[in-house]
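Please read the structure below before turning to the comments.
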Amino acid sequence: MKIASIDSALYQVPLAVPLSDSTHGEIPSFELITVRIRDDQGLEGLGYTYTVGVAGLAIHVLIDRYLKPDLLGQDPGRIEHLWERMWWRLHYSGRGGTASFAISAIDIALWDLTGKRQGTPLWRLLGGSTPRVKVYAGGVDLHFSLDALKDQARRFLARGYGAIKMKVGRPRLSEDIARVRAIRELIGPDVPLMVDANQQWDRPTAQRMCRVFEQFNLVWIEEPLDAYDHEGHAALAVQFDTPIATGEMLTSAAEHGELIRHRAADYLMPDAPRVGGITPFLKIAAQAEHAGLMLGPHFAMELHVRLAAAYPTEPWVEHFDWLEPLFNERLEIKGGRMVVPTRPGLGLTLSEQSKAWTREIAEVGARP
Ligand code: MG
């Protein structure tokens, strides 16, 4: 069994409604970087990573020029071995960051290929804890008027989501408080609600806001502080009943290890397309379980629903519908939970529509 060919592509995906949060401002488009690995039997694995619009080209070059040539002819079933090989190939350019994004896309393709070869869905291949996963609607809505925010919440509930997340971090703290109060009153006391500050606050502000937010019975307060302020997050996690969630910005298992060591989160939010793929994600999840933490994987729900389904303590997976046009498959939400797809591997295919969004394509090796 050998890797016969690898192709990669960079897409720029426009968003029908521009997103906004307190850190990245307005986000009009996403970048998707895909990798397709074919073995000498003709089976194909698809992996990907993404950006919020910056550095996709650099990631694509890392994959195309520096990783792909070294993988041709290798056994695609030796994922740990290939992961180490890729890591040491790129580590001098930084142990994380764009190097991790590039490795992620290939690692995910290798896992998809392994699942397909064995005819087994990814979540079962990884241990198979539960066929349905708790799902919340991720609102990226900081710039929404209060009326638009309420309309969105009603739509989310009507669609069957089990919970709602909203952005905070408006210039005036009183606006954040009024908006969270309004949504809590709208959805009632029992619908799970999360808020996400996207690293917007300094320590005194986070302290004050976490105290005020205690009354709203939130599932969590996400990224109240800078992603690297582990001590600050740990202090909030100890002081307040409301759980603290963070980790989406980290790009390696080692960075997550530091976060866990500091006990900086109650909910850990690893993102497989950013941390180096499924291989390090599993190591992060194992550390989190050992430390008694809960998981809320960040973004990339079509992948994370499969990974969350392998984790024993019922993670929350967030769901957005704006990237749906990229793939032919749709995720099913029933009774507040996402149904874990049963196709072998990751089982995703790129849509016809995605072709219109292609910016670059590169291929090495020969198709079998
Ligand atoms: Mg977030």
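The values are calculated or read from the model by the stated rules, or taken from the named source; none is laboratory data. Model, not experiment: these values are computed from the prediction. Because the Cβ atoms are built from the backbone with ideal geometry, glycine has one as well, and the counts that use them run over all protein chains shown. Accessible surface areas use protein heavy atoms only, side chains included; no ligands, DNA or RNA. Shrake-Rupley method; radii C 1.70, N 1.55, O 1.52, S 1.80 Å.
All conditions but one from (1) modelled with pLDDT under 95; (2) touching a Pro at 6+ places or on another chain (Cβ under 7 Å); (3) over 30 Å from Arg172 (Cα atoms) apply to Pro28; the one that does not is (3). Every listed requirement among (1) part of a helix (DSSP H, G or I); (2) farther than 30 Å from Thr205 by Cα is met by Thr130 save one, (1).
Only a single criterion out of (1) open to solvent by less than 60 Å² (accessible area, probe 1.4 Å); (2) in contact (Cβ under 8 Å) with a residue 24 or more places away in the chain is not satisfied by Ala148, namely (2).
Every test in (1) part of a helix (DSSP H, G or I); (2) of a type outside the set (D, E, K, R); (3) loosely packed, with under 14 Cβ neighbours inside 10 Å is passed by Phe156 save one, and that test is (3). The lone criterion from (1) open to solvent by 50 Å² or more (accessible area, probe 1.4 Å); (2) free of Cβ contacts under 8 Å to residues at least 60 places away in the same chain; (3) of a type outside the set (S, T, N, Q) left unmet by Leu67 is number (1).
In summary, Trp201 fulfils each of the numbered conditions (1) among the aromatic types (Phe, Trp, Tyr); (2) open to solvent by 10 Å² or more (accessible area, probe 1.4 Å); (3) not in a loop (DSSP other than H, G, I, E, B) with the single exception of condition (3). Of everything in region 347-365 that is surrounded by 14 or more Cβ atoms within 10 Å (Cβ to Cβ) and among the acidic types (Asp, Glu), the residue that is farthest from the chain's Cα centre (by Cα) is Glu363. Name the residues in region 70-96 that are out of contact with any Asp or Glu (no Cβ under 7 Å at 6 or more places or on another chain), open to solvent by 40 Å² or more (accessible area, probe 1.4 Å) and either without any contact (Cβ under 8 Å) to a residue 40 or more places away in the chain or outside the structural domain of Gly115 (by TED's automatic domain parsing) (or both), would you? Selection gives Asp70, Arg78, His81, Glu84, Trp88, His91, Tyr92, Ser93.
For region 268-282, the criterion of being surrounded by fewer than 20 Cβ atoms within 10 Å (Cβ to Cβ) and either more than 16 Å from the ligand (Cβ to nearest atom) or of a type outside the set (Phe, Trp, Tyr) (or both) is met by at least one residue.
Of the set (1) more than 15 Å from the ligand (Cβ to nearest atom); (2) of a type in the set (Gly, Ala, Ser); (3) modelled with pLDDT under 95; (4) within 26 Å of Leu62 (Cβ to Cβ), all apply to Ala310 but (4). Scanning region 219-257 for residues that are part of a loop (DSSP other than H, G, I, E, B), of a type in the set (Asp, Glu) and within 16 Å of the ligand (Cβ to nearest atom) turns up Glu223, Asp226, Asp229, Glu248.
Only residues that are open to solvent by 20 Å² or more (accessible area, probe 1.4 Å) and under 19 Å from the mean Cα position of the chain (by Cα) were counted across region 30-58, and they come to 5.
Report yes if Ser5 is of a type in the set (S, T, N, Q), away from the ligand (no atom under 16 Å from the Cβ) and buried (at least 16 other Cβ atoms within 10 Å of the Cβ), otherwise no. Reasoning before the result, please.
Details: of a type in the set (S, T, N, Q): yes; away from the ligand (no atom under 16 Å from the Cβ): yes; buried (at least 16 other Cβ atoms within 10 Å of the Cβ): yes.
Considered against the rule, which asks whether it is of a type in the set (S, T, N, Q), away from the ligand (no atom under 16 Å from the Cβ) and buried (at least 16 other Cβ atoms within 10 Å of the Cβ), Ser5 comes out as yes.
Inside region 330-342, residues that are surrounded by fewer than 16 Cβ atoms within 10 Å (Cβ to Cβ) and touching a Pro at 6+ places or on another chain (Cβ under 7 Å) make up a count of 1.
Yes or no: region 193-214 includes at least one residue that is within 21 Å of Ile260 (Cβ to Cβ) and among the acidic types (Asp, Glu). So far as region 193-214 goes, yes, one or more of its residues are within 21 Å of Ile260 (Cβ to Cβ) and among the acidic types (Asp, Glu).
Restricting to region 323-368, what's the tally of residues that are farther than 29 Å from Gly53 by Cβ and among the polar types (S, T, N, Q)? Looking only at that region, the number is 1. Taken over region 304-324, the criterion of being more than 30 Å from Gln287 (Cβ to Cβ) and open to solvent by 50 Å² or more (accessible area, probe 1.4 Å) is satisfied by Asp321, Trp322. Give just the number: which of (1) open to solvent by 10 Å² or more (accessible area, probe 1.4 Å); (2) of a type in the set (A, V, I, L, M); (3) within 30 Å of Asp112 (Cα to Cα) does Leu250 not satisfy? Going through the list (1) open to solvent by 10 Å² or more (accessible area, probe 1.4 Å); (2) of a type in the set (A, V, I, L, M); (3) within 30 Å of Asp112 (Cα to Cα), Leu250 breaks only (1). If you go through region 165-206 and keep only what is away from the ligand (no atom under 14 Å from the Cβ) and closer than 20 Å to Asp321 by Cα, you end up with Pro192, Leu193. Taking region 118-145 as the range and being of a type in the set (Ser, Thr, Tyr) and either surrounded by fewer than 14 Cβ atoms within 10 Å (Cβ to Cβ) or within 16 Å of the ligand (Cβ to nearest atom) (or both) as the test, the residues that pass are Tyr136, Ser145.
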